1. Short version: ³J(HN,Hα) in whole Hz for each residue of segment 155-165, in order, from phi by Karplus 6.51 cos²θ - 1.76 cosθ + 1.60 (θ = phi - 60°), x for Gly and Pro, what are they?
2. HN-Hα J couplings of segment 10-25 from phi, Karplus 6.51/-1.76/1.60, θ = phi - 60°, integer Hz, Gly and Pro as x?
3. Could you size up the charge dipole of segment 52-191 around its Cα centre, putting +1 on the beta carbon of Lys and Arg and -1 on that of Asp and Glu, and report it in debye to the nearest 20?
4. With a 10 Å radius around each residue's Cβ, average the other Cβ atoms per peptide and rank 52-59, 6-13, highest first.
5. Is segment 1-149 best put as rounded, prolate or oblate by its Cα gyration tensor, with a ≥ b ≥ c the root eigenvalues, rounded for a/c under 1.5, and otherwise prolate when a/b is larger than b/c, oblate when not?
6. Return one quarter of the surface area of the convex hull spanned by the alpha-carbon atoms of segment 62-179, equal to its mean projected area, in nm².
7. For residue 8 and residue 48, what is the calculated FRET efficiency with R₀ set at 25 Å and r taken between the beta-carbons, to the nearest 0.05?
8. Compute the FRET efficiency between residue 160 and residue 25 as 1/(1 + (r/R0)^6), taking r as their Cβ-Cβ distance and R0 = 30 Å, and round to the nearest 0.05.
Amino acid sequence: MELAYYSDYAVRLVNTEEPARGKDALTSVEAVRDLFGPSQSAARRATDADVTRFRSVRARLRSVFEAADAGEERLAVDLLNSLLLEFPVSPQISGHDFRDDDGRPLWHMHLADHPSNATAGYAAIAAMGLAFHLTEYGVDRLGLCEAAPCRNAYLDTSTNRSRRYCSDRCATRANVAAYRARKRLEADRPERTGLAADSAQPSSAQGDRRPDLRGR
């Protein structure tokens with residue numbers, strides 16, 4: 001398992017909230033446990049107290065994405081480093097659940113956490129995963145969806161660094177909105193052109209004036 005895989009933990013947590021829409025899915029211990037995915041043993045450690053703690057970590061992780069999205073590279077790194085210092089992990093070699101054709105373990109790096117609570121464990125893995133992604137692909141690969149009012153976090157893994165939206169749904173919605181805006185502009189252009197042409201025509205009074213040459 002690649003260590004950058006753990007960056008998905010950060011994205012999942014950040015996207016439990018949609019600030020612009022006033023939506024927050026992180027309202028119960030069950031919601032906290034769902035974030036762990038298949039890691040049921042870690043999820044079982046979650047309690048009601050972790051709801052508030054998870055929200056605090058979520059805000060800090062969103063700040064990393066916001067700084068990266070704004071091009072503030074140094075700030076994004078500093079914010080992420082503060083999380084890494086507060087929530088450390090221990091890299092370990094693991095071979096569980098992965099076997100080659102001869103039945104031998106497929107050794108890979110695994111992040112082992114030693115948390116005092118579920119939040120510390122999740123935050124450690126999320127921060128470390130995000131750090132691996134950032135150093136492997138670059139700060140500009142951390143983004144926030146441009147389809148207002150979404151602003152969900154995403155990790156850009158495109159070959160040409162072209163990703164701008166968190167999902168195909170948001171990309172489609174943004175493209176439709178842009179298309180409709182262009183159509184409105186095209187519809188308004190003839191009207192504005194007509195008004196400009198009318199204003200450029202001389203008035204009838206001006207058109208009837210002739211120079212008086214009788215005295216010359």
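1. Per-residue couplings from phi come out as 10, 7, 10, 5, 5, 10, 6, 10, 5, 10, 10 Hz.
2. So the J values, rounded to whole Hz, are 5, 4, 4, 5, 4, 7, 6, 10, 10, x, 5, 9, x, 10, 9, 8.
3. On the way: 20 positive and 19 negative charges, 151 e Å.
Computed charge dipole of segment 52-191: roughly 720 debye.
4. The peptides rank, most packed first, as 6-13, 52-59.
5. Cα axes put segment 1-149 in the oblate bin.
6. Seen from a random direction, the Cα hull of segment 62-179 projects 10.1 nm² on average.
7. Once the sixth-power term is evaluated, E becomes 0.50.
8. So the FRET efficiency works out to roughly 0.40.
Where a number appears in this text, it was derived from the coordinates with a stated rule and is not lab data. Just so it is clear, the model here is predicted, and its values are computed rather than measured. Every residue, glycine among them, receives a Cβ derived from its backbone with ideal geometry; neighbour counts consider all protein chains shown.
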